[in-house]
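Enquirer: Dropping a structure here in structure tokens format, bear with me for questions.
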Amino acid sequence: MTTVGLLYPGHAAEEDYPRMEVLLDSDIRLAVVHTDIGEDAHRVDALLRMGAADRLAAGVGTLGLEGAESVVWACTSGSFVYGWEGAHEQVRALALAAGMPASSTSFGFVHAVRELGAARVAVAATYPQDITELFTAFLKASGAEVVADRASGIVTAAEVGTWGRAEVLELARAGDHPDAEVVLLPDTALHTVAYLPELEEMLGKPVLTANQVTVWEGLRLADRRTWEAKLGTLFAKRW
């Protein structure tokens, strides 16, 4: 049994995780602990408070009892908002508090892009423009070339969590760019796991979504290799 611990802020699209658990190997478990979201706002000050060390540390005791072998802060905006160095410090503090390997969704995107061997990416974000630009800056700091970034202007995770298939497909379509080798949908509040095969078929290229790369990153940290074609190109081959 491999157990990945996920610290998820509030409630929005956490249903993606049991969906992935069913699709993955039967001895993989995804243990979700909900952290205090504080103010639900895609705004810099609110996101910095959401990702504060004390809020993340409050959930790690439960993950230890669950037998987690790794932990991922399952929030993109609440990690990249700290910048490249600050996000590294955030996961270092989380690893110390949890006593196990730790990462965040933001670094999951970085590592997944590298795993796919991609250099040029397009960002299709639900966020307001200023928050989208912070994610773009984070990706550029990792060495990726961002050829396009589209912001949708959504302020709250609660609203993002109401989006369904039509909105997700339109977001990806609008955010794609001919020069992009992969398209990134960075919000963990967005339900995407059910649409991964359709997204990739529609765009004709790999698509990375927040909840997908969060789980992949946790498995990577736990040194667990698995694959499932229904979870997109990232999971379509052994790595």
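Enquirer: Only residues that are part of a helix (DSSP H, G or I), without any contact (Cβ under 8 Å) to a residue 12 or more places away in the chain and not acidic (Asp, Glu): list them for region 12-41, please.
Expert: 22
Enquirer: Quick one: which of 196, 190 is outside any helix (DSSP H, G or I) and of a type outside the set (Val, Ile, Thr)?
Expert: Of the residues listed, the single one that is outside any helix (DSSP H, G or I) and of a type outside the set (Val, Ile, Thr) is 190.
Enquirer: Here is a check on your reading of the model: is residue 207 among the hydrophobic types (A, V, I, L, M, F, W, C), buried (at least 22 other Cβ atoms within 10 Å of the Cβ), touching a residue at least 40 places away in the same chain (Cβ under 8 Å) and within 10 Å of residue 124 (Cβ to Cβ)?
Expert: No: the conditions fail for residue 207.
Enquirer: Please work out which residue is nearest to residue 151 (Cα to Cα), limiting yourself to region 50-61 and to residues that are in contact with a helix residue (DSSP H, G or I) (Cβ under 8 Å, 6 or more places away or on another chain) and surrounded by fewer than 17 Cβ atoms within 10 Å (Cβ to Cβ).
Expert: That would be 53.
Enquirer: Now for a different question. Any residue at all in region 222-230 that's modelled with pLDDT of 95 or more, outside any loop (DSSP other than H, G, I, E, B) and not aromatic (Phe, Trp, Tyr)?
Expert: no
Enquirer: Taking region 161-176 on its own, how many of its residues are surrounded by fewer than 18 Cβ atoms within 10 Å (Cβ to Cβ) and in a helix (DSSP H, G or I)?
Expert: Going through region 161-176 one residue at a time, the tally reaches 7.
Enquirer: Only one of these conditions is not met by residue 48: (1) touching a residue at least 24 places away in the same chain (Cβ under 8 Å); (2) assigned to a helix (DSSP H, G or I); (3) touching a Ser or Thr at 6+ places or on another chain (Cβ under 6 Å). Which number is it?
Expert: (3) is the only condition that residue 48 fails.
Enquirer: If you don't mind, there's one more thing I want to ask. Does at least one position in region 201-220 carry a residue that is in a loop (DSSP other than H, G, I, E, B), under 28 Å from residue 40 (Cα atoms) and modelled with pLDDT of 95 or more?
Expert: There is no residue in region 201-220 that is in a loop (DSSP other than H, G, I, E, B), under 28 Å from residue 40 (Cα atoms) and modelled with pLDDT of 95 or more.
Enquirer: Is it the case that residue 179 is charged (D, E, K, R), buried (at least 23 other Cβ atoms within 10 Å of the Cβ), outside any helix (DSSP H, G or I) and touching a residue at least 12 places away in the same chain (Cβ under 8 Å)?
Expert: no
The values are calculated or read from the model by the stated rules, or taken from the named source; none is laboratory data. All figures in this text were calculated on a predicted structure; none of them were measured in a lab. All Cβ positions, glycine included, derive from the backbone under ideal geometry; neighbour counts span all protein chains shown.
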